[in-house]
Amino acid sequence: MLREAHGILSAMRTFEELVEEGKAVPTAGWDFSWLAGRASEQRPSWRYARLLAERMAKASAGLDIQTGGGELLASIPVAPPVLAATESWPPNVAIARHTSATFEATVVQVDDAADLPSRRIRSTWWSAATPR
């Protein structure tokens with residue numbers, strides 16, 4: 001079957017072929033570049049990354065829950081003295097630790113179902129994150 005997209009005729013692949021292609025793509029971190037030209041989204045007008053950068057520059061400490069590969073944290077120009085992140089998926093934990101090493105952030109692997117009470121954060125994670 002042929003389909004036309006942007007004036008170009010191409011063979012339409014089956015659902016199974018598309019699933020196999022998707023399964024072959026690395027899923028570590030938050031790199032979705034392989035979706036370029038395949039998916040679209042509308043970004044919110046309030047620009048989360050800009051707001052985060054402004055607030056982190058003034059903060060004495062920051063915590064990113066479910067950081068993924070730490071890409072958003074790595075995008076902030078000025079990090080607070082104490083910076084920590086949590087992530088549940090093991091491949092992303094290693095990526096986040098590497099990505100956030102510039103800020104000497106502490107990245108802790110947690111279970112998706114784990115509670116995050118403030119006392120546990122202060123006693124366990126913040127104590128591991130020493131101010132620079």
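State all residues of the stretch 36-74 that are within 28 Å of VAL25 (Cα to Cα), out of contact with any Leu (no Cβ under 8 Å at 6 or more places or on another chain), open to solvent by less than 70 Å² (accessible area, probe 1.4 Å) and among the small types (Gly, Ala, Ser); if no residue qualifies, say none.
Hits for the stretch 36-74 are ALA39, GLY68, GLY69, GLY70, ALA74.
State which residue pairs qualify: first residue of a type in the set (Gly, Ala, Ser) and inside the stretch 35-55, second residue exposed (fewer than 11 other Cβ atoms within 10 Å of the Cβ) and at pLDDT 90 or above in any location, beta carbons under 8 Å apart, and separation of 6 or more residues or different chains.
From residues that are of a type in the set (Gly, Ala, Ser), the pairs are ALA53/PRO77.
Please give the number of the condition HIS98 fails out of (1) open to solvent by 80 Å² or more (accessible area, probe 1.4 Å); (2) at pLDDT 90 or above; (3) over 23 Å from ALA28 (Cβ atoms).
(3)
Conditions (1) on the phi > 0 side of the Ramachandran plot; (2) more than 13 Å from the chain's Cα centre (by Cα), marked per residue:
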{"position": "GLY68", "(1), (2)": "yes, no"}
{"position": "LEU73", "(1), (2)": "no, no"}
{"position": "VAL82", "(1), (2)": "no, yes"}
{"position": "THR86", "(1), (2)": "no, no"}
{"position": "PRO91", "(1), (2)": "no, no"}
{"position": "GLU104", "(1), (2)": "yes, yes"}
{"position": "VAL107", "(1), (2)": "no, no"}
{"position": "ASP112", "(1), (2)": "no, yes"}
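Any residue in the stretch 104-117 that's at pLDDT 85 or above: show its pairings with residues that are in a loop (DSSP other than H, G, I, E, B) and open to solvent by 40 Å² or more (accessible area, probe 1.4 Å) at Cβ separation under 6 Å, as long as the two are six or more apart or on different chains.
GLU104/ARG132
Are there any pairs with C-beta distances below 7 angstrom linking a residue in the stretch 10-31 that is under 30 Å from VAL93 (Cβ atoms) to a residue that is assigned to a loop (DSSP other than H, G, I, E, B) and at pLDDT 70 or above, with the two at least 6 apart or on different chains, and if so which?
If the second residue must be assigned to a loop (DSSP other than H, G, I, E, B) and at pLDDT 70 or above, the pairs left are ALA28/GLY69; GLY29/GLY68; GLY29/GLY69; TRP30/GLY68; TRP30/GLY69.
The values are calculated or read from the model by the stated rules, or taken from the named source; none is laboratory data. No experiment lies behind these values; they were computed from the predicted model shown. Heads up, the Cβs are rebuilt from the backbone with ideal geometry, glycines too, and the neighbour counts pull from every protein chain shown. Surface areas here come from the heavy atoms of the whole protein model, side chains and all, with no ligands, DNA or RNA. Shrake-Rupley method; radii C 1.70, N 1.55, O 1.52, S 1.80 Å.
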